[in-house]
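Undergrad: Quick one: this structure, given as structure tokens, is what I'll be asking you about.
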Amino acid sequence: MSATGTVSEPSLGMDSFDSFEDTLRRLREAFKAGQTRPVEFRVAQLQGLGHFLGANKQLLQDALAEDLGKSPFESDISEIILCQNEVDLAIKSLQTWMKDEPVATNLLTKLSSAFIRKEPFGLVIIIAPWNYPLNLMIMPLVGAIAAGNCVLLKPSEISKNTEKLAELLPQYLDQSCFAVVLGGPEETGQLLEHKFDYIFFTGSPRVGKIVMAAAAKHLTPITLELGGKNPCYVDDSCDPQTVANRVAWFRYFNAGQTCVAPDYILCSQEMQERLLPALQSAILRFYGDDPKTSPNLGRIINQKHFKRLQGLLGCGRVAIGGQSEESERYIAPTVLVDVQETDPVMQEEIFGPILPLLTVKNLEEAIDFINRREKPLALYAFSNNSRVNQVLDCTSSGGFGGNDGFLYLTLSAMPLGGI
Ligand code: NAD
């Protein structure tokens, strides 16, 4: 494990665990001394974060291209610009957010004032995943800084190029209050043996359970941003091309490696027949005749995930795409039909550019299908307003898109997370 205070500091390696403990001590002492509390300090750190994003924009785009084959456009809209917007919003809103909230008094307390004061937790750890490696590290960091915490950041070891750039971050921040540590599962496990005041974890449900168990040992409050399978219901009344354009964009964005991407479609047999040519046409329009040569289609993060996805291509029947090339970690935008609920592709979050279509007789059957599975992180419904509302009313999900994909995530005021 390495604990990085300055970028010039060499990687410390596993045998330097003591210096990692020094880092924790340093952050704790800074918090106890009240360093992170003044509004001016918080604003200066947020500005530093803004400088990090601005000064390293090209390097960040290159790293995201190396890690995930992201185009500059995708990197900008889903990582760099979103983070910058969050920084700007926090700077603009900080004074308001920090104000005490007055509470109405009653007869017994009429002569007193009552209020809610917001205080920082203390030392926060942010553990990030690889699929939006910048966004999912910086967004919670903005919140933690705005709230007056000291922060230890643990980027994903899998998105290696972005991880390297995360090491630059402390240069732009007060290094007595903010640090970056590097490491994989084993090192993160050791890290979590320590007591933090808040844990912010984004990643898989499997690791979420490990992190939650570690938090429970110290009764540490925790946020778990996990994954899952997000259904997408398409009604017979829809225009298939409009639906196909939207679903294809959100499914194949970042090569499908998006936690809130529509994971599978539920529609009637009749709609499936109309959707298939429409999806084919959307894929052609977005990625051309040979998607492998398109600069707009990302790549699978590593060989392990590539192999996992290749295995899923054997479920049902390939109606569109299905090609893959291991040396490039390329999987074509793919649509599967004749998929059964019991097939492997329906047991796990797909997290790749593969879209199964499952047929249902009607809306009620679709709702029943959705409700007998885990509550999804996101749910999508395409239909007229009353039917979209029926899906919204009769199901439970972390986020919901009516006649749209995950564009609601671009709204800063909209919460992100599962049930
Ligand atoms: P992951 O759970 O494998 O890893 C996440 C982080 O946990 C990494 O930093 C990793 O180093 C660390 N980690 C891995 N194993 C660990 C262990 N045994 N003990 C302690 N720490 C460990 O997740 P991932 O593969 O990086 O990311 C993909 C997952 O994240 C998907 O399930 C996706 O849906 C989910 N995700 C959720 C959101 C959201 O906002 N809800 C956003 C993006 C990704």
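The values are calculated or read from the model by the stated rules, or taken from the named source; none is laboratory data. Everything numeric in this text was worked out from a predicted model, so none of it was measured. Heads up, the Cβs are rebuilt from the backbone with ideal geometry, glycines too, and the neighbour counts pull from every protein chain shown. Surface accessibility is based on the protein's heavy atoms, side chains included, excluding ligands, DNA and RNA. Shrake-Rupley method; radii C 1.70, N 1.55, O 1.52, S 1.80 Å.
Undergrad: Of everything in region 378-419 that's of a type in the set (V, I, T) and more than 19 Å from R246 (Cα to Cα), which residue is least open to solvent (accessible area, probe 1.4 Å)?
TA: By that ranking, first place goes to T395.
Undergrad: So, restricting to helices (runs of 4 or more DSSP H) that lie completely within region 135-234, which ones have at least 3 residues that are near the ligand (Cβ under 8 Å from one of its atoms) and within 19 Å of the chain's Cα centre (by Cα)?
TA: Result: 205-218.
Undergrad: If you don't mind, another one. Step by step: first the residues of region 255-270, then only those that are surrounded by 24 or more Cβ atoms within 10 Å (Cβ to Cβ) and assigned to a helix (DSSP H, G or I), then the one that is farthest from the ligand (Cβ to nearest atom). Which residue is that?
TA: It comes out as A255.
Undergrad: Sticking with this one: Could you please find all residues in region 183-213 being surrounded by fewer than 20 Cβ atoms within 10 Å (Cβ to Cβ) and among the hydrophobic types (A, V, I, L, M, F, W, C)?
TA: V207, I210, M212, A213
Undergrad: Please go through region 139-164 and pick out each residue that is open to solvent by 20 Å² or more (accessible area, probe 1.4 Å) and over 22 Å from P120 (Cβ atoms).
TA: Passing the criteria: E157, I158, K160, N161, E163, K164.
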